[in-house]
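One structure below.
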Amino acid sequence: MSFSMSVEKLISSWKEQGLIDNDTAGKLLSDLNSRRSGIGLGTVLATIGGLLLGAAVILLVAANWQDIPRIVRVLSVFAIIWLCYIGGVWRRLAGDAIFSKALFIVGAASFGAGIAMVGQMYHMSGDELSAILFWVAGVFIAAFLLREPVLSAFAMFLTGFYIFSAVQHDFDMLVYDKGAYIVPALLVTGAVAAYFTHSRISGHLVGIVTLGWVGLLYAELEWQSILWLLLAGGSALMLADGFGHVFLQRLTRFARPLAAYGFLGVLGAVLAFQYQDMRLNSFDEKHIVFYGIVIFALCIGSLVLCGRNNGGLRWLVYLVFSGQVLYLAFETIGTMIGTSGFFLSSGVLVLLLAVFVRRMERRLSGHDRLETEVLP
């Protein structure tokens, strides 16, 4: 159930109990509808349509219009960029939250097509990674100038594409020398853009790309210091949300997701330590049980610390807790009993986990409180 729907039911309940009159209930529902920022089917379809149109522009440019003069090609692409951005602002001011996003995406994609076309026509020196980086920078600038959430999210998507391309072509360039600062700078810029444009999608992309980047660094370098930094950073985010949720929310407007990503960061570090240790000790059962206890402690500590009002974190914890129970059962019980016995014990464990999750949800949800998160 979404947060907005639960509030609607509460308003209806308050009205039925006589706590508020019909006029007040109507005003509250109207204000709630005006504040909604969810992603509807229309927004999704418009975004997909914008991406398809942007891909069409890129493919059209890639075809290299041999019969059209160079200056006309350049002016045509940049005219598309400006028309899309201006049209997006116009539709946004008119209250159109669907087609404005599509126009912004087409404009951002056309900017990338323009970079490729100019480089192709004038045989400019440079590589693919430099072109993508320039594209990312241009979209970030547009996101800041237009204060548009979809552009900050698109820029973070391009940041992920840049990292993926670097892994495929020249990953060492991003790890050593000056290249080591490129991805951190992009992630910081993405976080600032997400805050400045009020884009929760962009905030989630920053979290996902950050965790992915740290994982790539560790896979490439195998430095334990990376895991300790991940462990410390994730713990700090959960502690900040657990003991200073109001302050963190006012500071970032993203407190609960930050706690969830902190949990994932700590979990990733623990799993990496477990893999390291088990690889050296040939997957000894004692180490399996030890790290299982550590993960259980992490799950319980996360629930107690910041899971009471954080539904997303709770379900992550339940998923990890359940997976760890089944994994331990497979590694220990499964080696001592037959296949049928293992399935029987696994079934019993799953049912017990279902009872555990249900009871925890009732206990935690029963103490949930409504929080009005005022944007600073």
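The values are calculated or read from the model by the stated rules, or taken from the named source; none is laboratory data. These figures come from a predicted structure and were not determined experimentally. When we count neighbours, we look across all protein chains shown, and the Cβ atoms used for this are built from the backbone with ideal geometry, even at glycine. Surface accessibility is based on the protein's heavy atoms, side chains included, excluding ligands, DNA and RNA. Shrake-Rupley method; radii C 1.70, N 1.55, O 1.52, S 1.80 Å.
In summary, helices (runs of 4 or more DSSP H) completely within the range 113-208 and bearing 2 or more residues that are modelled with pLDDT under 80 and open to solvent by less than 70 Å² (accessible area, probe 1.4 Å) occur at 171-175. For L217, the stated conditions hold: it is buried (at least 18 other Cβ atoms within 10 Å of the Cβ) and either modelled with pLDDT of 90 or more or of a type in the set (A, V, I, L, M, F, W, C) (or both). Of all the listed residues (V294, V320), the sole one being of a type in the set (V, I, T), crowded, with 19+ Cβ neighbours inside 10 Å and closer than 21 Å to L227 by Cα is V320.
Screening L227, L239 for residues that are open to solvent by less than 50 Å² (accessible area, probe 1.4 Å), in a helix (DSSP H, G or I), of a type in the set (A, V, I, L, M) and over 24 Å from F154 (Cα atoms) leaves exactly one candidate, L227. Using the structure shown, decide if G292 is assigned to a helix (DSSP H, G or I), closer than 28 Å to E222 by Cβ and either in contact with a Leu (Cβ under 8 Å, 6 or more places away or on another chain) or modelled with pLDDT of 80 or more (or both). Criteria met by G292.
Annotation: D241 fulfils all but one of (1) in contact (Cβ under 8 Å) with a residue 24 or more places away in the chain; (2) among the acidic types (D, E); (3) more than 13 Å from L313 (Cβ to Cβ); the unmet one is (3). The set of residues in the range 1-31 being at pLDDT below 70 and part of a loop (DSSP other than H, G, I, E, B) consists of M1, S2.
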